[in-house]
Amino acid sequence: MNRPAARKAPKPLRKPDYFPPENMVSRVLPPDLIGQREFEQYHFSGIDFSPIGLSGRLFSECRFENCNLAGVSLANVSLQNVAFAGCKLLGLQFNACRDMLFGVHFEACQLDYASFWGRVMPNTRFVGCSLLEANFTRADLTGAVFDECQLRRAVFSETRLHGADLRTALEVELDPEQNELRQARFSLEGLPGLLMKYGLVIG
């Protein structure tokens with residue numbers, strides 16, 4: 001794998017937790033915000049963004065809660081310390097986001113078929129998420145945490161997982177020879193997914 005040398009991962013981002021009252025938006029995005037391009041310290045709750053789209057917008061220190069973003073284009077979108085909780089994010093191409101200050105948090109989200117191809121996202125936390133067939137090819141997940149996440153058929157290829165915590169992840173399958181796993185943590189129950197290519201019988 002021709003990869004740059006690993007650099008020390010930055011400290012984990014603190015999830016955004018302060019939102020001015022005027023930036024609390026629920027159920028429907030007001031007309032005056034539909035054309036807005038930059039959002040800082042906004043809390044979006046129960047909004048269906050599928051007919052609106054996010055392309056070209058910047059979100060900083062924002063939180064999306066119980067929102068539907070399934071299939072939404074993330075082309076040229078900037079996600080700077082943005083949290084998603086209970087959201088539908090099916091098939092989202094996070095690799096299309098801008099690189100600068102990219103930082104995300106996921107809790108109880110549907111991320112099936114999402115792509116993080118080539119994304120540099122150290123210390124990212126996935127908590128209680130479904131990541132069926134998600135693509136992490138060439139992503140940098142140094143120090144990432146997959147807590148009680150479903151990873152059936154998720155793709156890990158040339159993925160940097162130094163110090164990542166997958167002890168409670170479900171149905172993980174990856175090739176130790178095709179990924180960087182130094183100090184990554186797995187449970188005994190997760191060993192079959194690491195050794196499947198060798199045809200070993202464990203137990």
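Residues checked against (1) surrounded by fewer than 20 Cβ atoms within 10 Å (Cβ to Cβ); (2) touching a residue at least 12 places away in the same chain (Cβ under 8 Å); (3) touching a Leu at 6+ places or on another chain (Cβ under 7 Å):
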position	(1), (2), (3)
129	no, yes, yes
137	yes, yes, no
145	no, yes, no
152	yes, yes, yes
158	yes, yes, no
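Report yes if some residue within segment 27-47 is out of contact with any Pro (no Cβ under 8 Å at 6 or more places or on another chain), over 29 Å from residue 145 (Cβ atoms) and in a strand (DSSP E or B); otherwise report no.
Applying the first criterion (out of contact with any Pro (no Cβ under 8 Å at 6 or more places or on another chain)) to segment 27-47 yields 27-40, 42-47.
Okay, now just the ones that are also over 29 Å from residue 145 (Cβ atoms), so 27-38.
Filter once more, keeping what is in a strand (DSSP E or B): 38.
Yes; the residues of segment 27-47 include at least one that is out of contact with any Pro (no Cβ under 8 Å at 6 or more places or on another chain), over 29 Å from residue 145 (Cβ atoms) and in a strand (DSSP E or B).
Considering segment 40-71 alone, what residues qualify as being acidic (Asp, Glu) and either under 18 Å from residue 96 (Cα atoms) or touching a residue at least 24 places away in the same chain (Cβ under 8 Å) (or both)?
The answer is 61, and nothing else.
Is segment 170-180 home to any residue that is assigned to a loop (DSSP other than H, G, I, E, B), modelled with pLDDT of 95 or more and over 15 Å from residue 116 (Cβ atoms)?
Looking for residues that are assigned to a loop (DSSP other than H, G, I, E, B), modelled with pLDDT of 95 or more and over 15 Å from residue 116 (Cβ atoms), one finds none in segment 170-180, hence no.
Select, from 126, 156, the only residue that is farther than 27 Å from residue 16 by Cβ, modelled with pLDDT of 95 or more and aromatic (Phe, Trp, Tyr). Let's see the steps before the verdict.
Working: 126 fails: farther than 27 Å from residue 16 by Cβ.
Just one listed residue meets the conditions, 156.
Pick out the one residue from 36, 110 that is more than 10 Å from the chain's Cα centre (by Cα), surrounded by 17 or more Cβ atoms within 10 Å (Cβ to Cβ) and either at pLDDT 95 or above or of a type outside the set (A, V, I, L, M) (or both). Let's see the steps before the verdict.
Values: 36 fails: surrounded by 17 or more Cβ atoms within 10 Å (Cβ to Cβ).
Matching residue, one of 36, 110: 110.
Name the residues in segment 49-74 that are assigned to a strand (DSSP E or B) and under 19 Å from residue 109 (Cα atoms), would you? Show your work before the answer.
Going residue by residue through segment 49-74, those that are assigned to a strand (DSSP E or B) are 58-60, 63-65, 68.
Answer for segment 49-74, where residues must be assigned to a strand (DSSP E or B) and under 19 Å from residue 109 (Cα atoms): 59, 63, 64, 65, 68.
Going through segment 13-33 one residue at a time, which ones are more than 24 Å from residue 106 (Cβ to Cβ) and surrounded by 12 or more Cβ atoms within 10 Å (Cβ to Cβ)?
Across segment 13-33, there are no qualifying residues.
The values are calculated or read from the model by the stated rules, or taken from the named source; none is laboratory data. Since the model is a prediction, treat every value here as computed from it, not as a measurement. We place every Cβ from the backbone using ideal geometry, glycine too, and count neighbours over all the protein chains shown.
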